Structure formats: C-alpha cells, structure tokens
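Colleague: Pasting a structure here, questions to come.
The values are calculated or read from the model by the stated rules, or taken from the named source; none is laboratory data. Just so you know, these numbers come straight off a predicted model, no measurement behind them. Glycine also receives a Cβ, built like all others from the backbone with ideal geometry; neighbour counts cover every protein chain displayed.
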Amino acid sequence: MSESKQTEDQYFTEQQTPFRRLGLRVKELLHEEQTDYQALKVWQTTDLGRMLTLDDLVQLTEADDFTYHEMMAHVPLTMHPAPRRCLVIGGGDGGVVTEVMRHPEVERCTLVDIDEAVIRAGKTWFPRVSSGYQDPRAEIIVGDGILHVREHVDTYDAIMCDSTDPIGPAVGLFATDFYRSVYASMKSPGVFNQQVGSPFYAAEFIRQTVAVARSVFDSVHLYVGAVPTYPGGYWCYLLGTKGQIDLRPDLARAAAVQGKYYSAGVHQGAFQLPPFVAALLSARA
Ligand code: SAM
C-alpha cells in the first residue's frame, strides 16, 4: 500500500497543541485499561517497538526512551558528590529507576507513583525499561509524591520527578508547596530535577515554573535534550539544588554510566542553552 493510502486507523495520533498532532504508525493495541487516574494503553508500533500512552499522550517508546531516562537519572546523580538515597516521583514505567541502578554509590532508590497500573504495565509490557525494579536497592511505593516528600524530611540526596504533564494528580508537582516539601526532604547538598516540557510548546509554563522554583531552591537551572516522540522532539528539564553543587559531572562516574544518549560531554552541553531557552531562566514571575 502506498504511504499516502495508509488509513487513519493505522496511526496513533497525539494532539500536541490545538494546531499540531503527532502521528505514529501502529500495528496493534496490546492493552488498555481505565485506571483510577488515567487511560492507560500499550501499543505495538510499526517501527518504535512498544509504546506506553496515558490519556493518549506518549510516555515512552522502546525505541527512544533512552534519550529521556538517561538524562533524568545521570545528570543529577553524576553532579551530586554522594547520591546514596534517591527518590523517583512518578516514573512508574521503571525507566528512570533502571538508569539510577547503574550508579553503584546508590544505596536505595525509592519510587513513588500514584498509579499502580503504570508500575504493573512497566513490569508486564516493558521488561527492559523496568529491569531496575529487580535490583534489591529498589523500593516501590504506590502513593502521592506530594504526600511522600512532606512525610520524609531530611532523607534524600537526589529527587527526580518524572511525572506526567501538569494535569490531574500531577498539577501539584509544580507548585510552591511541593517544592518546599522537596527542599525539606533533601539533605544538604541535595539535587532535584523535573521534566518541564517542550521549550517550543510550553515556554510560558517553563518560565513560570522556574520563577516558582527559584523562590525555594538555592539555585535553579534548565538543561535540554532530544526526545523524538515528545512534543517538539526537544525537551527541557528543571534542576534545583539545596546548598551549592557544581553542575559539572564527576568525569569517572559519568564515563561509567555513559549510555546511548548520556555522556559527560552531553551533560555539560545540555546546560548550554539556546538563547530562547536561557531567556526562560532570567524572566521573573
Ligand atoms: N516520562 C513521562 C513524561 O515526561 O511525561 C512520564 C512518565 S511516568 C509514566 C508519569 C507518571 O507520573 C505516571 O505513572 C503517573 O501515575 C505519575 N504521577 C502523576 N502525578 C503523580 C503524583 N502526584 N504522585 C506520584 N506519581 C504521579
């Protein structure tokens, strides 16, 4: 069949803005369930392996999840001098935990995702992505990350927030109160990072989130990286510190965890922001 004659029903379509969609050719819907929080679907795509969507938004594909999970885990953990106790909020698919487990200095990594169905889907449908769950250092909790950090003061060296976009249960993960709880939940020095979306599509949201974070953390930074199947294919991560931490990686540890996307050079380059992204750092609330 010629490309032009492919029928619509052979594409998964993500509505990214009122004027833009992403279409990914799929073979089959492998699993679907309405959880207490979101519509969870697992797809077999034509060329990207399996894909997880929540409320019809791409969360990961087997083909390119490495671009995101490596940058969520290795940037904060190679900066921090001794990241023994880590927390992942969200991230139920297991991808960030799996990358965290590649750091031998990590003694325990706690994951808190509000939706047990996502954790179950990660284990069932994405065994490579969630393989870190098998590590005895991994602790999995089904719960609200907002409550968890409030109840665990002076506990974590690194907190990674791999949540869905700011809708539903994730709205509170971008608020001042949450950042204050994160700050209190970290030891000093402490590092916090969080996916904050596309600088092409969510610049105003990123600007506002930076301003809120700046009122809590001792320093706030943005770093960027490619994620082909996320809106705009170019992603922004916020990083906040408790105390002062050099943004540069420990080179030996960075080399040890180098992946398909992350390297010490990519780490340092990720903080060299294009002017339109750097402008989001300097703007005031
Ligand atoms: N990498 C994806 C992205 O950047 O959009 C996110 C992946 S992960 C599947 C997102 C997870 O955040 C979901 O499993 C969702 O259940 C979880 N989540 C949303 N709000 C939460 C909260 N308040 N506490 C804990 N987990 C939450």
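Colleague: If Pro189 passes every condition in (1) in contact with a Pro (Cβ under 9 Å, 6 or more places away or on another chain); (2) of a type outside the set (S, T, N, Q); (3) crowded, with 21+ Cβ neighbours inside 10 Å but one, which one does it miss?
Modeller: (3)
Colleague: I would also like to ask the following. Look at Met71 and say whether it is within 12 Å of the chain's Cα centre (by Cα), more than 8 Å from the ligand (Cβ to nearest atom) and crowded, with 19+ Cβ neighbours inside 10 Å.
Modeller: Working: within 12 Å of the chain's Cα centre (by Cα): yes; more than 8 Å from the ligand (Cβ to nearest atom): yes; crowded, with 19+ Cβ neighbours inside 10 Å: yes.
It is true that Met71 is within 12 Å of the chain's Cα centre (by Cα), more than 8 Å from the ligand (Cβ to nearest atom) and crowded, with 19+ Cβ neighbours inside 10 Å.
Colleague: Show the residue pairs that are 6+ apart or on different chains and have beta-carbon atoms under 7 Å apart, the first residue being within region 197-208 and over 19 Å from Met72 (Cα atoms), the second being not in a helix (DSSP H, G or I).
Modeller: From region 197-208, the pairs are Phe200/Tyr234; Tyr201/Gln16; Tyr201/Thr17; Phe205/Gly197; Arg207/Ala283; Gln208/Ala285.
Colleague: Which of the residues that make up region 119-143 are within 10 Å of the ligand (Cβ to nearest atom), outside any helix (DSSP H, G or I) and within 20 Å of Glu33 (Cα to Cα)?
Modeller: To start, the set of residues in region 119-143 that are within 10 Å of the ligand (Cβ to nearest atom) comprises 119, 121-122, 141-143.
Next, only the ones that are outside any helix (DSSP H, G or I) stay: 141-143.
Val142, Gly143, listed by residue number.
Colleague: Also, I was wondering about something else. Is it true that some residue in region 59-76 is among the β-branched types (Val, Ile, Thr) and under 16 Å from Tyr234 (Cα atoms)?
Modeller: Yes; the residues of region 59-76 include at least one that is among the β-branched types (Val, Ile, Thr) and under 16 Å from Tyr234 (Cα atoms).
Colleague: Here is a further query. For region 177-222, give me each residue that is in a strand (DSSP E or B) and within 18 Å of Pro274 (Cα to Cα). First the steps, then the outcome.
Modeller: Within region 177-222, the first condition is being in a strand (DSSP E or B), and the residues that meet it are 186-197, 219-222.
Selection gives Gln195, Val196, Gly197, Val220, His221, Leu222.
Colleague: Right, next: Please specify each residue of region 200-216 satisfying the condition of being surrounded by fewer than 22 Cβ atoms within 10 Å (Cβ to Cβ) and more than 14 Å from the ligand (Cβ to nearest atom).
Modeller: Phe200, Ala203, Glu204, Arg207, Gln208, Ala211, Val212, Arg214, Ser215, Val216
Colleague: Return the residue satisfying two criteria in turn: it lies in region 162-179 and is of a type in the set (Val, Ile, Thr) and more than 6 Å from the ligand (Cβ to nearest atom), and of such residues it is modelled with the highest pLDDT.
Modeller: Only one residue fits best here, namely Thr176.
Colleague: When you scan region 6-57 for strands (runs of 3 or more DSSP E) that lie fully inside it, which ones turn up with 2 or more residues that are closer than 14 Å to Phe126 by Cα and either among the hydrophobic types (A, V, I, L, M, F, W, C) or modelled with pLDDT of 95 or more (or both)?
Modeller: Passing ranges, in order: 20-34, 39-45, 50-54.
Colleague: For region 58-68, name all the residues that are within 10 Å of the ligand (Cβ to nearest atom) and assigned to a strand (DSSP E or B). I'd like the intermediate steps shown before the answer.
Modeller: Narrowing region 58-68 to residues within 10 Å of the ligand (Cβ to nearest atom): 58-60, 65, 68.
Within region 58-68, Val58, Gln59, Leu60 meet the criteria.
Colleague: Considering (1) more than 15 Å from the ligand (Cβ to nearest atom); (2) surrounded by 21 or more Cβ atoms within 10 Å (Cβ to Cβ); (3) in contact (Cβ under 8 Å) with a residue 40 or more places away in the chain, say which one Val106 fails and leave the rest.
Modeller: (3)
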